Every structure is written in C-alpha cells, then in structure tokens.
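Note sheet for the following structure.
The values are calculated or read from the model by the stated rules, or taken from the named source; none is laboratory data. Source: prediction; values computed, not measured. Backbone-built Cβ (ideal geometry, glycine too); neighbour counts: all protein chains shown. Heads up: the accessible areas ignore ligands, DNA and RNA and are worked out on the full protein's heavy atoms, side chains in. Shrake-Rupley method; radii C 1.70, N 1.55, O 1.52, S 1.80 Å.
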Protein chains: 2
Amino acid sequence: MGETAINFAEKFAKFSEQWSPKIIAQMNDYHFKIVKIQGEFVWHQHAETDEVFIVMDGELTIHLRDGDVTLKAVRCTPSPAVSSTSRRRRASAA
Amino acid sequence: MGETAINFAEKFAKFSEQWSPKIIAQMNDYHFKIVKIQGEFVWHQHAETDEVFIVMDGELTIHLRDGDVTLKAVRCTPSPAVSSTSRRRRASAA
C-alpha cells in the first residue's frame, strides 16, 4: 500500500458491521486489520502464526487455555495514524 | 513474550531518553518497539524490510524520496494495550 498516512478514525467510520476485519495496511507479508467487535466469539486456534491485538476503544478479554488476558484502551476517540513505509527516509518529530 | 497485556502508557513512563527504541512485544520474528523522538533524524535506508509507524502522541513527518508523509496522533494520554498471542483462544469484547 506504499507510504501513505492512514487515519484510524476515518477507517473506523467507514463501516459498522461487527466481526468483519478490514485490511488497512500491509508490512511485508503481514496485514494490519481493524475490526469492531462486541459480545463473545467462538474458540479457535492459530497454530501457524502469532497475532497482536491493539485495543483502540473499549475492552477485550481473550480467554486462553492458560487463563484470561484483558486489554483496555483509552477513553477517547482513537486516531493515531499508521504508515507502512520502506526505503530511504528522514524523520522530523515535534 | 507470550500472552500478556502490555500497557503503552506504563512502558512510555519508564524512560525519557529520545531516539532510543525499546522492544515491548514480539510477533513471530517481528519486534514492536516504542520510542520518544523530537527534532530531526538523519537520512537512512531500509532496503531489507517494510516498517510501520503508529504515532501515539504528537506529530511525525517522514521525508521520503517521493515526498513527505505526516502522521498525527490523538491529543490525549495514549494507553491502548497490546498483546502478542497465538494458539487456542476465545474472545469477549464490550
């Protein structure tokens, strides 16, 4: 998807259905997906890869075989931007 | 690093030096790092891999050969949690 700024809030505003992940960026052969969820999801297994979850709003409890992990998020509209980039670059920050 | 909840705010509070990335999670052979930056960084090149930047606070401009990309973040304390997990699990969200 190249080197573009991606606004989470804009992406989340584009859909309302739950449990329907949307790909918003790619890094090498990994996808970044956003999803809206509420309620319970079925037990499932991912033997082939790790996954990482970042909670942007609300709370997520993942029931693992070894116990529960609860992830909490900030109480404000999430809109950090994400950019997938490679190649030559220079950064400035303020 | 297994299936644990990671609090960004706590991790950011543990250091103050700039341009010194800290690894906070791993997914397969990828690292998740946090960093505090201000000012300009030198031109450099990453031919071997893509990288993704998520701005948690402030603003970041990346100067690419094809033009600039500016990433902005929310104006509040960032504290979404990240969890690296694999294997069997079930999720509940509210």
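Of note:
- Candidate set: the range B:2-25, residues that are exposed (fewer than 15 other Cβ atoms within 10 Å of the Cβ) and closer than 16 Å to A:VAL52 by Cβ; chosen: the one nearest to the chain's Cα centre (by Cα): B:ILE23
- Residues (in contact (Cβ under 8 Å) with a residue 12 or more places away in the chain and more than 28 Å from B:ASP68 (Cβ to Cβ)) located in the range B:17-47: B:ALA25, B:GLN26, B:MET27
- Residue that is nearest to A:MET56 (Cα to Cα), among those in the range B:26-65 that are open to solvent by 90 Å² or more (accessible area, probe 1.4 Å) and within 8 Å of chain A (Cβ to nearest Cβ): B:GLN38
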